[in-house]
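Reading through the structure tokens given below for one structure.
Every number in this text was worked out from the coordinates using simple rules, so none of it is lab data. Quick caveat: nothing in here was measured; it's all calculated off a predicted structure. Cβ placement follows ideal geometry from the backbone for every residue including glycine, while neighbour counts extend to all protein chains displayed.
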Amino acid sequence: MTTYYSKDHEWISVEGDIATVGITAYAQEQLGDVVYVELPEAGRELTQGDEAAVVESVKAASEVYAPIDGEVVEANGVLADEPAKVNEDPEGGAWFLKMKVGNAGQLSDLMDQAAYKAYVETL
Amino acid sequence: MADAVAETDLKQTPLHDLHVELGARMVPFAGYSMPVQYKAGIMAEHLHTRAKAGLFDVSHMGQAFLVGPDHETTARALEALTPSNFVELGHGRQRYSVLLNEEGGIIDDLMVSRSPSPEDDGKLMLVVNAARKDVDYAHFRAHLPDNVTLQVVEDRALIAVQGPEAVAAVAAHAPGVSDLAFMSTASMEFDGIECHVARAGYTGEDGVEMSVPAGAAEAIARALLADERVEPIGLGARDSLRLEAGLCLYGHDIDETTTPVEGAITFCMQKRRREEGGFPGAERIQSELKDGPGRVRVGLRLEGRAPAREGAEIALPDGPVIGTVTSGGFAPTVGAPIAMGYVPVEHAGVGTPLELVVRNRRLPATVADMPFVPNRYYRKPKS
């Protein structure tokens, strides 16, 4: 399993042809208390950069973008009832969606953990 | 996430270094670098204010005096620009008001107070919104009579302390505050520092706003924060607290296109002024008072968990768009999303089912009474 990171602070963890997508610890920290998460339906075809989900904090709504192309196979239903999990476990149990990898080549557009860490330090 | 305004262009309040030391996230607001939240976060700060007490730096707001030869002259000069009664404003009393344009639209909303001391007669103290300072001051200078002048206060900070324990926390340093009635003001010493204290606020809770010398602001804030009941609260929670309290945010819920009748803040218009008129836009406002306005600001409760924010359209169920949300978000004390916005009066009745359009989805909502949480302003016990 390899995890990649986007400049928009999504992480995507790939195992076989299935990728799990969520937002990073840095992103949840910036958002503050998450009160609502809007997730895509299974079966939706996403293109890299599409708005895949919306995460709402007390203060504002923020979009979560598809890091690569792919078809949504599952959304994390737990977040509907417990949106605050995004603050508690953003890079684990509070994943947003699983997708069937549509274009593995796009993973090379993303950062590895070390590069993302260095990127966050520049912000 | 790049800030549009360079940090160096922003003004700082006298509490800036303390905010940074407390771990605040600083953001540009109305030309100032202000704390949007501290380490606890907006949710915890909001709930703490309702449970105990929160300290807010509101030094970015404009403090000024109108100064004339006697109370009646100054009060009449202000009455010419607002629909409120200031001639009969008692010593030591404070009043909420609005500056009106010729169409009856709101240039700004403001607090006006009269000193408890007859020696100060002829002076009225104003507190105006940070983002409207320049507009307001220019408006006063253009319209005040020659014998009433605007004196802008540049050397004082403004600190709000709000919540059920707020007055007790302030009273430990300024015992006189306990006797102050709601919407009253007094000068008193806080650990020996002279302050103007008003028992009022912007959260729906009991509490005070203290005008203090800029150089003493940090010492006063530190003294209050040393009290375990008091935590620092940023602009994020200030906004969610005032939204739950049903209070307007200028530039969002009221502006130059809305009248006080449409904005549902007619409590700023006392009987004599409503009847006599004699304020800008009086014809329109008096006709709205008599026949009702075309549209009015209402509270909205949403059924689900998804918040509707400023700009979301308000629609009839399965029907056309009839209005716009002017403020909205998740309400920590209510535990659900709430909003306010303008709708035609025929759809403004409490309980009216409506829909709020968020990302092309229609969320069911209902017109609700405001405030969304009960006010807990201080009422003096009858003696």
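So, in Å, what gap is there between the alpha-carbon centers of segment A:27-81 and segment B:73-87?
53
Treat the count of other C-beta atoms within 10 Å as a stand-in for reagent exposure and order A:100, B:380, A:85, B:271 from fewest to most.
B:271, B:380, A:100, A:85
In terms of Cα to Cα distance under 13 Å, which aspartates and glutamates are near enough to residue B:52, apart from those fewer than 8 places away along the same chain?
B:165, B:205, B:206, B:227, B:228, B:231
Give a quick list of chymotrypsin sites (Phe, Trp or Tyr not before Pro) in segment B:176-243 that DSSP marks as loop, anything other than H, G, I, E or B, with at most 13 other Cβ atoms within 10 Å.
none
Taking 56 Å as R0, compute the FRET efficiency from the Cβ-Cβ separation of residue A:71 and residue B:350 and round it to 0.05.
Once rounded, the FRET efficiency stands at 0.80.
How big is the charge dipole of segment A:4-123 about its Cα centre, in debye rounded to the nearest 20, if each Lys and Arg gets +1 on its Cβ and each Asp and Glu gets -1 on its Cβ? Provide the component values of the computation, followed by the final result.
Values: 7 positive and 24 negative charges, 37 e Å.
The calculation lands at about 180 debye.
What shape does chain B take by its C-alpha gyration tensor, where a ≥ b ≥ c are the square roots of the eigenvalues and a/c under 1.5 counts as rounded, a/b above b/c as prolate, and the rest as oblate?
oblate
Do any GluC sites (Glu not before Pro) in segment B:199-285 lie in a DSSP loop with no more than 16 other beta carbon atoms within 10 Å, and if so, which?
B:228, B:256
I'd like the mean, over residues of A:30-39, of how many other protein chain beta carbons sit within 10 Å of each residue's own Cβ.
Mean inter-chain Cβ contacts per residue within 10 Å come to 5.
Picking from B:198, B:53, B:40, which is most flexible by a Gaussian network model of chain B using Cα springs under 10 Å?
Checking each option, the largest mean-square fluctuation is seen for B:40.
Which one of B:292, B:263, B:233 is farthest out on the positive end of the charge dipole of segment B:148-294, using unit charges on Cβ (Lys, Arg +1; Asp, Glu -1) and the Cα centre as origin?
Working it through, the farthest residue towards the positive pole turns out to be B:292.
Taking only Cα atoms and a 10 Å spring cutoff, compute GNM fluctuations for chain B and point out the largest among B:334, B:298, B:177.
Result for chain B, Cα springs under 10 Å: B:334 fluctuates most.
What number results when the radius of gyration of segment B:294-368, computed over Cα atoms, is divided by 2.2 N^0.38 Å?
Working it through for segment B:294-368, the quotient is 0.95.
What whole number of Å gives the distance from the Cα centroid of segment A:88-123 to the Cα centroid of segment B:242-300?
With segment B:242-300 and segment A:88-123 each reduced to a Cα centre, they are spaced 50 Å.
Along the Cα→Cβ direction, 7 angstrom out, place labels at residue A:117 and residue B:102. What is the inter-label distance in nm?
6.6
If I take every Cα pair under 8 Å that is 6 or more residues apart in segment B:53-190, average their sequence separation and divide by the length, what percent do I get for the relative contact order?
Computed over segment B:53-190, the figure is 35 percent.
Principal axis lengths of segment A:2-106 from Cα atoms, whole Å, largest first?
Principal-axis extents of the Cα atoms in segment A:2-106, largest first: 35, 24, 21 Å.
Given Cβ point charges of +1 (Lys, Arg) and -1 (Asp, Glu) and nothing else, what value in debye, to the nearest 20, does the dipole of the protein assembly as shown about its Cα centre take?
Dipole of the protein assembly as shown, to the nearest 20 debye: 1520 debye.
Work from the charge dipole of segment A:62-112 (Cβ charges, +1 for Lys and Arg, -1 for Asp and Glu, about the Cα centre) and give the residue of A:104, A:84, A:64 farthest towards its positive end.
The Cα lying farthest towards the positive end belongs to A:104.
Take every DSSP beta bridge with both residues inside chain A and express the antiparallel ones as a percent of the total, to the nearest 5.
Numbers: 31 of 31 bridges.
Close to 100 percent.
Averaged across the residues of A:52-61, what count of C-beta atoms belonging to other chains lies within 10 Å of each residue's C-beta?
Rounded to a whole number, the mean comes out at 6.
From the residues B:280, B:97, B:152, which one has its Cα farthest along the dipole of chain B in the positive direction, the dipole being from +1 and -1 charges on Cβ of Lys/Arg and Asp/Glu about the Cα centre?
Towards the positive end, the residue furthest out is B:97.
Please report the spacing between the Cα centers of segment B:345-383 and segment B:116-159 in Å, no decimals.
34
Nothing charged except the Cβ atoms of Lys and Arg (+1) and of Asp and Glu (-1): what's the magnitude of the dipole of chain B about its Cα centre? Round to the nearest 20 debye. Mind showing how you got there, number by number?
Numbers: 37 positive and 53 negative charges, 217 e Å.
I would put it at about 1040 debye.
At a 10 Å Cβ-Cβ cut-off, how would you order B:355, B:72, fewest neighbours first?
B:72, B:355
Let me test this: with uniform point scatterers at the alpha carbons of the protein assembly as shown, what is the Debye-based log₁₀ I(q)/I(0) at q = 0.06 1/Å?
With no solvent term, the Cα-only Debye profile gives -0.33.
Rounded to the nearest 0.05, what FRET efficiency do residue A:47 and residue B:39 have when you use their Cβ-Cβ distance and R0 = 35 Å?
Computed FRET efficiency for residue A:47 and residue B:39: 0.35.
What number, in percent, do you get for the relative contact order of chain A if the mean sequence gap of Cα pairs under 8 Å and at least 6 apart is divided by its residue count?
Across chain A, relative contact order equals 30 percent.
Below 8 Å between Cα atoms, with a sequence gap of 6+, how large is the relative contact order for chain B in percent?
17
Want the number for residue A:2 to residue A:107: 0.36 nm per residue separation, take away the alpha-carbon distance, what's left?
Working it through step by step, the gained length comes to 36.8 nm.
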